[in-house]
Structures are given as C-alpha cells and as structure tokens.
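Colleague: Got a structure for you, written out below as structure tokens; questions coming shortly.
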Amino acid sequence: MQKIEHIGIAVKDIEESNKLFAKLLNSEHYKMEAVASEGVITSFFQIGEVKIELLQATSKDSAIHKFIESKGEGIHHIAFAVEDVNSEIKRLKAEGFDAIHQEGKDGADGKIIAFLHPKSTNRVLTEICSDKHAAE
Ligand code: ZN
C-alpha cells in the first residue's frame with residue numbers, strides 16, 4: 001500500500017455536509033460525482049495528499065443507506081492507494097482477508113476500486129484503489 005488515498009464519510013444530506021466540511025476544512029469540494037452502480041452521490045475535498053469523500057445514498061438498496069440506518073452518519077471507510085488493485089486483492093486474499101470484490105471495479109474520481117469485508121479488518125471497512133489510467 002502506498003498511502004491513505006481518502007477517507008469516506010457517510011452523510012444524510014450531501015449539500016448540507018458540503019457546506020459543513022467547507023467550513024471545517026476551510027476549502028471547497030472540487031467535484032461531485034454520482035456512482036449509479038453503488039447508489040451513491042459523492043463529493044470530494046482535497047486536503048494535502050489526502051481526500052475526504054462524502055457519500056450520500058441515492059437508493060434504499062445502497063450500502064450507505066444501510067450503514068446510516070444502523071450506525072448513523074460518520075466515518076464509513078478508509079481507502080489506500082495501491083499500485084494495482086487486482087494483484088493487491090490476490091495478495092490480501094492469500095493473507096486471509098475477505099474481499100467483497102473479487103476484482104477491481106469502476107469507482108468515483110477516476111479510480112479502480114475494491115473493498116475488503118470489515119469482519120476481516122477489525123471492523124474497518126477498507127478500500128483499495130488505483131488510478132484508472134495506470135491500469136491501462
Ligand atoms: Zn472511497
């Protein structure tokens with residue numbers, strides 16, 4: 001793993017949270033992006049090398065909706081940048097981690113992403129991601 005790429009935060013109202021985090025971080029979000037396959041809309045803030053990703057559910061089937069129903073708003077996942085998502089999934093599975101995605105898939109912000117199941121990572125939902133263009 002190379003660095004923490006971003007921290008994902010589940011929110012109920014992304015417009016309200018954009019205003020809140022702009023005040024908190026003293027910086028405006030630089031993009032919003034819907035990820036239809038995940039049933040979420042995302043918003044990104046750049047803080048030094050690390051990003052903050054706000055996530056709001058757009059459907060009741062979304063993992064973010066279920067997360068907020070059971071735990072409320074708050075930190076949802078930590079994403080680590082890796083060189084290559086697919087080879088990292090193989091390495092992590094060989095180490096005994098439980099992969100939610102068996103191969104990288106398209107995520108927000110031009111990334112290939114995959115998640116590990118939190119039951120295998122001390123309940124920290126963990127994402128690994130790499131730049132899409134790097135994988136081509
Ligand atoms: Zn993420």
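The values are calculated or read from the model by the stated rules, or taken from the named source; none is laboratory data. Computed from a prediction, not measured in an experiment: that's the story for all the values here. Cβ sites come from the backbone with ideal geometry, for glycine too, and all protein chains shown count toward neighbours. Ligands, DNA and RNA are stripped out before the accessible areas are found, and what is left, the full protein with its side chains, is counted by its heavy atoms. Shrake-Rupley method; radii C 1.70, N 1.55, O 1.52, S 1.80 Å.
Colleague: Could you go through the stretch 62-79 in sequence order and give the Karplus-derived ³J(HN,Hα) for each residue, using 6.51 cos²θ - 1.76 cosθ + 1.60 with θ = phi - 60°, rounded to whole Hz, and x for Gly and Pro?
Modeller: For the stretch 62-79, the Karplus curve yields 5, 4, 5, 4, 5, 4, 5, 4, 8, 10, x, 5, x, 4, 9, 7, 10, 10 Hz.
Colleague: I'd like the Karplus ³J(HN,Hα) series for the stretch 85-93: coefficients 6.51, -1.76, 1.60, θ = phi - 60°, whole numbers in Hz, and an x wherever there's a Gly or Pro.
Modeller: My calculation for the stretch 85-93 gives 4, 5, 6, 5, 4, 4, 4, 5, 5 Hz in order.
Colleague: Averaging sequence separations of C-alpha pairs under 8 Å and six or more residues apart, then dividing by the length of the chain, give the relative contact order as a whole percent. Walk me through the intermediate numbers first.
Modeller: On the way: 275 pairs, mean separation 32.8, N = 136.
In percent, rounded to a whole number, it is 24.
Colleague: Taking all protein chains as present, what is the carbon and sulfur share of the accessible area of the chain, in % to the nearest whole number, probe 1.4 Å?
Modeller: Numbers: 3970 of 7710 Å².
That share works out to 52 percent.
Colleague: While we're here: Go ahead and run the numbers for FRET between Ile47 and Glu69, Cβ-Cβ distance against an R0 of 35 Å, rounding to 0.05. Please list the in-between numbers first.
Modeller: Working: r = 28 Å, r/R0 = 0.81.
Efficiency for this residue pair is about 0.80.
Colleague: If you don't mind, there's one more thing I want to ask. Determine the sum of side-chain charges near Gly8: Lys and Arg each +1, Asp and Glu each -1, restricted to other residues whose C-beta is under 9 angstrom from that of Gly8. Provide the component values of the computation, followed by the final result.
Modeller: Working: positive: none; negative: Glu53, Glu127.
Charge balance in the 9 Å sphere: -2.
Colleague: Taking θ = phi - 60°, what integer Hz values does the Karplus form 6.51 cos²θ - 1.76 cosθ + 1.60 yield along the stretch 99-115, in sequence order, with x for Gly and Pro?
Modeller: Rounded to whole hertz, the list is 7, 6, 10, 7, 8, x, 9, 5, x, 6, 6, x, 10, 9, 10, 7, 10.
Colleague: Past 24 Å, Cα to Cα, is the threshold; run Lys12/Lys93; Lys51/Lys105; Lys3/Lys66; Lys66/Lys93 against it and keep the listed order. Provide the component values of the computation, followed by the final result.
Modeller: Details: Lys12/Lys93 33 Å; Lys51/Lys105 20 Å; Lys3/Lys66 28 Å; Lys66/Lys93 26 Å.
Pairs exceeding 24 Å: Lys12/Lys93; Lys3/Lys66; Lys66/Lys93.
Colleague: Work out, step by step, the length gained on full extension between Lys132 and Asp13: first 0.36 nm times the residue separation, then minus their alpha carbon distance; give nm to one decimal. Before the final figure, lay out the partial values.
Modeller: On the way: separation 119, 0.36 × 119 = 42.84 nm, distance 2.84 nm.
Residue separation times 0.36 nm, minus the Cα-Cα distance, leaves 40.0 nm.
Colleague: Roughly how many Å² is the accessible area per residue of the chain, as a whole number, for a 1.4 Å probe? Present the calculation step by step, with values, prior to reporting the outcome.
Modeller: On the way: 7710 Å² over 136 residues.
Value for the chain: 57 Å² per residue.
Colleague: Would you work out which of Phe67, Leu20, Phe44 lies farthest towards the positive end of the dipole of the stretch 1-119, given +1 charges on the beta-carbon of Lys and Arg and -1 on that of Asp and Glu, about the Cα centre?
Modeller: Phe67
Colleague: Is it possible to state the helix-based mean residue ellipticity at 222 nm for the chain, with each DSSP H run of 4+ residues giving -39500 (n - 2.57), the sum divided by total residues, to the nearest 500 deg cm²/dmol? What is it?
Modeller: Calculated from helices alone, the mean residue ellipticity at 222 nm is -7000 deg cm²/dmol.
Colleague: Same structure again: Top to bottom by accessible area (1.4 Å), largest first, where do Lys60, Lys105 land? Write down the numbers at each step before the final one.
Modeller: Numbers: Lys60 155, Lys105 50 Å².
Ranking Lys60, Lys105 by accessible area, largest first, yields Lys60, Lys105.
Colleague: Size of the dipole of the stretch 32-136 about the Cα centre, Lys and Arg at +1 and Asp and Glu at -1 on the beta carbon, nothing else charged, in debye to 20? Please report the intermediate quantities before stating the final value.
Modeller: On the way: 12 positive and 18 negative charges, 84 e Å.
Dipole magnitude for the stretch 32-136 comes out near 400 debye.
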